[in-house]
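Remarks on the structure that follows.
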Amino acid sequence: MKRTSLTLLLAATSLLGLAAVPAQANTGQAVIFSVDYQPLDVRNNPTGCQGLPTTAHVLNNQTDGPLYLYGNPWCVGPAIALAPGTGAHVPAGIGSFSDH
């Protein structure tokens, strides 16, 4: 009984500690290149689910955290992680990106 109580206390303390740490949004820019001679689409401090233009060709992550590419406009399902300071061609079917 004593061991179970200690385990439950440690688990509860761990959960409370995780809940107390606020999530920080990425700062910086997500830069989207679509086609030649079209202005870049710059998203400052992108948070949450961001739709990509239908003509998007390259996503450049200039934030301080990862961005995740999704194959749908709702940012659900499998994602491709894009590390800070890197860019990637946006394959056909990628419809959105998110900071989480």
At what distance in nm do the modelled label points of Val76 and Gln29 sit from each other, each positioned 7 Å from its Cα along Cα→Cβ?
-> 3.3
What list of ³J(HN,Hα) values in whole Hz, one per residue of segment 83-88 in order, does the Karplus curve 6.51 cos²θ - 1.76 cosθ + 1.60 (θ = phi - 60°) give from phi, with Gly and Pro shown as x?
-> 5, x, x, 10, x, 8
Report the full-extension gain for the segment Tyr68 to Thr47: residue separation times 0.36 nm, less the Cα-Cα distance, to one decimal in nm.
-> 6.4 nm
Let a ≥ b ≥ c be the square roots of the eigenvalues of the Cα gyration tensor of segment 25-98; is it rounded (a/c under 1.5), or, if not, prolate (a/b larger than b/c) or oblate?
-> oblate
Label-point gap, in nm, between Ala83 and Leu40 - each point 7 angstrom along Cα→Cβ | 2.1
Report the net charge of residues surrounding Ala30, where surrounding means a beta-carbon distance below 11 angstrom and charges are Lys +1, Arg +1, Asp -1, Glu -1.
-> -1
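Laboratory data are not the source of any read-out in this text; all were calculated from the coordinates shown. Keep in mind that what you see is a predicted model, and the values were worked out from it rather than measured. Using ideal geometry, Cβ is built from the backbone for each residue, glycine included, and neighbour counts are taken over all protein chains shown.
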